[in-house]
Ligand SMILES: NC(=O)c1ccc[n+]([C@@H]2O[C@H](COP(=O)([O-])OP(=O)(O)OC[C@H]3O[C@@H](n4cnc5c(N)ncnc54)[C@H](O)[C@@H]3O)[C@@H](O)[C@H]2O)c1
Ligand SMILES: [Zn+2]
C-alpha cells in the first residue's frame, strides 16, 4: 500500500500501513530520547494498537505509557489533572513529545494536555478509529467536556504530525466503523457532486479499500480547515447535519439504554437537514431522494416517538450555535454546494423530524 502525504496547516498527515519508517525518522530527527517520549492510550488501544507500534519502532519500547479509561468520561478536568501530574512526575518538558494513540477521545484530551503543559509541548496523533482518522485527529480543535457539556474547554492547537495506519481498523468494532462512515458521507455531500456520485455507488458493507476513502475525506476536511482554521465562517460547512444530529445524540444519551453514537446521530441529521435544505435553499427533490435512499440503505433507522420532538427541540435551543427560536444551519443548495448561517424556523425542524420518522426502509 502506498503512503499518501497531505499537507495541512503547518503539519503533515502521512497515510499508509507502511508509515513506520516515517515515524522512526520523525522521532530521530528531534533526537528524542526514550525518556522524553510519552504515549497516551486507553485500555483498548493499549491492547490492540500499542504492541504493533512498539514492535515496529524500537525506540518506543521503553517510553512512558499514560493510560486513561476508554470513553467520553475521560475528557474531564480530573483526568487532565492526573495526566499533567504524571507528565510532571516523569520529567516531561518542552522538548518532550506526547503521542496520542487512540480515537477522538485520546486525541482531543491528549492534544489539550500537551498544548497546555508548560505552555505547550509537541504532540503527534496516531488515530485508531475511523472517526478519528477522517475527522478528530486533524483540524486542530482539542479540548475536554465540562458539566456534561461537550468540548466546553479547549484551544486550537495543531499536532506536529499525524500518522494514519488503516490496518489499525482491523480490530475496531463494527458499530465504530459505521460511526466514522457517517462523517465520510457528510464530507462527500458538502464537497463535490462528483465525489458523492462515486461514494454513493458503494455499499457500506462491501467497502474494503478504506485507505482511499480516508485519503479523500482528509483532503476534504483539510480544504475547509485550511481556509478557515478558527471557524469564523467557511469551516462551518463541516457542520452540515450537526445541528439536528447533535440534538438527537444528546436526546439518545439521556433516554436510551444503549445510546446512539455520534456518527449514527449525524446520519439522521444529514437526512433532516437535507429535507430542510430542500425547503429553504432549493436542494432539488431528486438529490434529496438520492441522499435519503443512500443513508437509509446503509444505516439503521432510529425510531424515536414524535412525542419526543419537544425534548429534541429544547436541546437544540441550548446549543451554543442557536439563540432563542433562531436556529443556525449549514444547508445545501445542491450536493457539493452549501450556505452557512441559514436561519431556520422551529416548525420546519419539527417537520424534518417527522419526515425522517415517516421514511420506510
Ligand atoms: N477535535 C475534533 O475536531 C473532533 C471531531 C470529531 C469528533 N471529536 C471527538 O472525538 C470523540 C469521539 O471519538 P471516537 O469516535 O474515535 O471515539 P473513542 O475515542 O471513544 O473510541 C471509540 C472506542 O473504540 C475503541 N478503540 C479505538 N481504537 C480501537 C482499535 N483500533 N481497535 C479496537 N478498539 C478501538 C476505544 O477504546 C473506544 O472504546 C468525541 O469526544 C468527539 O467530541 C473531535
Ligand atoms: Zn461530527
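Read-outs throughout are calculated quantities, based only on the coordinates presented, and are distinct from any laboratory measurement. Note that the structure is a prediction, hence the values are computed from the model and not measured. Using ideal geometry, Cβ is built from the backbone for each residue, glycine included, and neighbour counts are taken over all protein chains shown.
List of remarks:
- Remark: 164, 65 ranked as 65, 164, counting other beta-carbon atoms within 10 Å and listing the fewest first.
- In region 175-358, the ratio of gyration radius to Kirkwood radius, Rg to Rh, stands at 0.94 when only Cα atoms are counted.
- Calculated on the alpha-carbon coordinates, the convex hull of region 4-171 measures out at 102 cubic angstrom per residue.
- C-alpha center-to-center spacing [region 1-46, region 121-136] in angstrom: 10 Å
- Rounded to 5, the percent of DSSP beta bridges in the chain classed as antiparallel: 45 percent
- Convex hull volume per residue in cubic angstrom - Cα atoms of region 84-238: 126 Å³
- Normalised by residue number, the volume inside the convex hull of the Cα atoms of region 1-64 is 110 Å³ per residue.
- Tail weight of P(r) past 15 Å, computed on alpha-carbon pairs of region 196-297, percent: 72 percent
- The Cα center of region 194-220 and the Cα center of region 221-235 differ in position by 22 Å.
- Scaled radius of gyration (Cα, divided by 2.2 N^0.38 Å) that region 176-240 gives: 1.14
- A helix-only calculation puts the chain at -14000 deg cm²/dmol for mean residue ellipticity at 222 nm, using -39500 (n - 2.57) for each DSSP H run of at least four residues, averaged over all residues.
- log10 of Debye I(q)/I(0), alpha-carbon scatterers only, for region 62-158 at 0.22, 0.23 Å⁻¹: -1.16, -1.27
- Hydrodynamic radius (Kirkwood) for the chain, which is based on Cα pairs only, to one decimal in Å: 21.0 Å
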